1. Find the residue count for the stretch 58-80, including only residues that are within 16 Å of ligand 1 (Cβ to nearest atom), over 24 Å from residue 3 (Cβ atoms) and of a type in the set (A, V, I, L, M).
2. Are any residues in the stretch 1-26 under 11 Å from residue 199 (Cα atoms) and either among the small types (Gly, Ala, Ser) or at pLDDT below 95 (or both), and if so, which ones?
3. Quick check: anything in the stretch 13-28 under 19 Å from residue 136 (Cβ atoms) and either of a type in the set (Ser, Thr, Tyr) or more than 12 Å from ligand 1 (Cβ to nearest atom) (or both)?
4. I want to confirm something. Restricting to the stretch 95-114 and keeping residues that are assigned to a helix (DSSP H, G or I) and out of contact with any strand residue (DSSP E or B) (no Cβ under 6 Å at 6 or more places or on another chain), which single residue is farthest from residue 155 (Cα to Cα)?
5. List pairs: first residue in the stretch 22-51 and among the aromatic types (Phe, Trp, Tyr), second residue within 14 Å of ligand 2 (Cβ to nearest atom) anywhere in the structure, Cβ distance under 7 angstrom, at least six positions apart or on different chains.
6. Take the conditions more than 8 Å from ligand 1 (Cβ to nearest atom) and surrounded by 17 or more Cβ atoms within 10 Å (Cβ to Cβ) and apply them to residue 185. Does it pass?
7. It is to be established whether one or more residues within the stretch 157-173 are within 18 Å of residue 8 (Cβ to Cβ) and surrounded by 21 or more Cβ atoms within 10 Å (Cβ to Cβ).
8. Please note which helices (runs of 4 or more DSSP H) are completely contained in the stretch 121-226 and include at least 1 residues that are within 16 Å of ligand 2 (Cβ to nearest atom) and in contact (Cβ under 8 Å) with a residue 60 or more places away in the chain.
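The values are calculated or read from the model by the stated rules, or taken from the named source; none is laboratory data. Note that the structure is predicted; figures quoted are calculated from it, not measured. Note that each Cβ is placed from the backbone with ideal geometry, even for glycine, and that neighbours are counted across all protein chains shown.
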Amino acid sequence: MVQLVPSILSADFARLAEEVAAAERGGGTVIHVDIMDGHFVPNITIGPPVVASLRKATKLPLDCHLMIENPDEFIPAFAEAGANWVSVHYEACRHLHRSLELIASHGMEPAVVLNPATRVNLIRDILPMVHHVLIMSVNPGFGGQTFIEFSLDKIRTLAEIREELGLAFKIEVDGGVAHDTVARVVQAGADLLVAGNAVFGAGDAERDARALLNAARQAAGEVGRKRAPGRHQKRDAGAARPAGAAAKRVR
Ligand code: DX5
Ligand code: ZN
């Protein structure tokens, strides 16, 4: 089932606990935390102390996206702060296998992130180690950027590789996920939808999270029918109809 992962990068940092609570009421089930160091990306955000504060403010899993050089140096501090999922960039890790093992050894779920220009085939061999792969659909560093269209092909390719290898990792997509892109992102095969500006940008995180998740679920229903044509008709001819009708309404 598709999950909404609100990114606090676009939230009001002075009201972080309230913003997170609103996004959760709207259907967010994981909180995405963008860690930037001003070196790997041209922006600076937050570190372990804010993760520790967030840990006290929500029970939802904290998905820490490390956009930093030398991530291995900071992995123990994020574990200590209460991070649940930690993703490191393929482009920032000299020894990616070691970094993923380090994350797992601290009891967290390891994940790898690919920049838009990095091909998915490069990570084939380490896919059995990861909880999820994060496909960046913008260049990392800022919220509110335009979705890069060829990311859809990368999501599809990764979904095919997952099928071919018989693995169960999740596919997460981050950057420009909003009302105009979410259906295509879901239909391409994404399971975890990171959204910053589309959830927090207009100041009503509960309403906007709910609307985005509803659009994603409608699209996920379409994926189900396309992938398994006729499957529902045989067992329960009526089951497919309401989903179809609902999907039409949102177009
Ligand atoms: C960008 C961050 C994203 C960011 C996405 O480098 O990794 O998580 O919050 O923002 P939107 O959803 O606004 O594109
Ligand atoms: Zn992110």
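1. Counting residues in the stretch 58-80 that are within 16 Å of ligand 1 (Cβ to nearest atom), over 24 Å from residue 3 (Cβ atoms) and of a type in the set (A, V, I, L, M) gives 1.
2. Hits for the stretch 1-26 are 7, 10, 11, 22, 23, 26.
3. no
4. 105
5. 40/67; 40/68; 40/89; 40/92
6. Yes, satisfied.
7. yes
8. Correct list: 197-200.
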